Every structure is written in structure tokens, then in C-alpha cells.
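The values are calculated or read from the model by the stated rules, or taken from the named source; none is laboratory data. For clarity, every value in this text was computed on a predicted model and none was experimentally measured. Cβ placement follows ideal geometry from the backbone for every residue including glycine, while neighbour counts extend to all protein chains displayed. Each accessible area value is taken on the protein alone, full model and side chains, heavy atoms only, with ligands, DNA and RNA left out. Shrake-Rupley method; radii C 1.70, N 1.55, O 1.52, S 1.80 Å.
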Amino acid sequence: FDLPGGEDMVKAMTFMPGIASRDETCGAVVAGLAILGLVMGRGKLSDPEYGTPEGKAAFFRSRERAYRFCEEFKKEMGTTMCGEIRKKLFGRTYNTFIPEEFNQLVADGAQKKCRVPPEIAARIAASIILEAQQDDGGRRE
């Protein structure tokens, strides 16, 4: 999709898994929303165009797509919460601030199992982006 980010995006997402390992929102959800924001988000905090009917409609379409992304992810994973996803994937959750728990997570197959949510999120986000490009003629919101 020719998006900006690269290494800086990876750095920015460092603490997203489970929102800083607190078993909260899954990092894959946060990353998917970030990608949708790069494609459909606003480039400024404020702009007179945002108050126009067209600007409001574009923002509403983007918000609907972001909401749909979360709902589709939740439909597939059963939740958007990391701790609940870990229970689904591993049968339990882990306190990764305890070295033994972190090591157990790795031993239980984190490298393979923790790829599932990002793969799902990437597929859903890509589908929404492609749909938006078709519906909106390829322009950014």
C-alpha cells in the first residue's frame, strides 16, 4: 500500500502488545488501527475543511471502517483483549513481567501462536483498505 513508517513504525509499536503487557487491547488491533489511520486518517489536528459536509462525511466513513475492523477482529478472535486471546491460544494468560512466566510463554509457542492475531488483523485491514480505495477512488481521506 506504499505506506510510510518502516523502522520508525516498528519502534512506535514496541509496547503495543497487550497495551504494555497489561493483558489489555491486543497489539494487533492497535497496529491494524494505526495502519487504517495512515491510509484514511487526517493529516492535521485541525483544518477548516473538517467542518464541511464533505469533510464530516469522509471522517464518518473512516470511523465506520475502523469500527468494522475491530468488530471483524472480535468476530474471528472472540475478543480484542490480549489476555482473553492468550487464554484462547494457550489455555491461560501470563504475567510477562515475571521472567519465569515470560520464559514459559516462549516455551509454550509464543512465536508461532502469537502470530495468529496479527495475521488476522493484517488480512482484515488490507481488505478494508482495498475496499476503501475502490469505493473512494483511491484517494486518502
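Worth a mention:
- Residue satisfying all of: in the stretch 78-98; within 13 Å of Pro117 (Cα to Cα) and among the aliphatic types (A, V, I, L, M); least open to solvent (accessible area, probe 1.4 Å) among these: Ile85
- Residues (at pLDDT below 80 and of a type in the set (Ser, Thr, Tyr)) located in the stretch 30-56: Ser46
- Applying the criterion of being of a type in the set (S, T, N, Q) and at pLDDT 95 or above to the residues of the stretch 77-109, the residue that is nearest to the chain's Cα centre (by Cα) is Thr80.
- The condition of being open to solvent by less than 30 Å² (accessible area, probe 1.4 Å), modelled with pLDDT of 90 or more and either charged (D, E, K, R) or within 28 Å of Lys88 (Cα to Cα) (or both) holds for only one of Gly27, Gly18, that being Gly27.
- One residue from Lys56, Lys75, Lys44 being under 13 Å from Ala121 (Cβ atoms), out of contact with any His (no Cβ under 7 Å at 6 or more places or on another chain), open to solvent by 60 Å² or more (accessible area, probe 1.4 Å) and free of Cβ contacts under 8 Å to residues at least 40 places away in the same chain: Lys75
- Output for the stretch 1-11, where each listed residue is touching a helix residue (DSSP H, G or I) at 6+ places or on another chain (Cβ under 9 Å) and open to solvent by 60 Å² or more (accessible area, probe 1.4 Å): Phe1, Pro4
- Test for Ser62: is it open to solvent by less than 30 Å² (accessible area, probe 1.4 Å) and of a type in the set (S, T, N, Q): yes
Every residue, every condition in (1) out of contact with any helix residue (DSSP H, G or I) (no Cβ under 7 Å at 6 or more places or on another chain); (2) of a type in the set (Lys, Arg); (3) within 20 Å of Ala20 (Cα to Cα), yes or no:
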{"residue": "Gly55", "(1), (2), (3)": "no, no, no"}
{"residue": "Ser62", "(1), (2), (3)": "no, no, no"}
{"residue": "Arg65", "(1), (2), (3)": "no, yes, no"}
{"residue": "Glu101", "(1), (2), (3)": "yes, no, yes"}
{"residue": "Leu105", "(1), (2), (3)": "yes, no, yes"}
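- Among the candidates Glu49, Glu71, the residue that is touching a Gly at 6+ places or on another chain (Cβ under 9 Å) and among the charged types (D, E, K, R) is uniquely Glu49.
- Taken over the stretch 30-41, the residue count meeting the criterion of being surrounded by fewer than 16 Cβ atoms within 10 Å (Cβ to Cβ) and within 30 Å of Ile98 (Cβ to Cβ) is 0.
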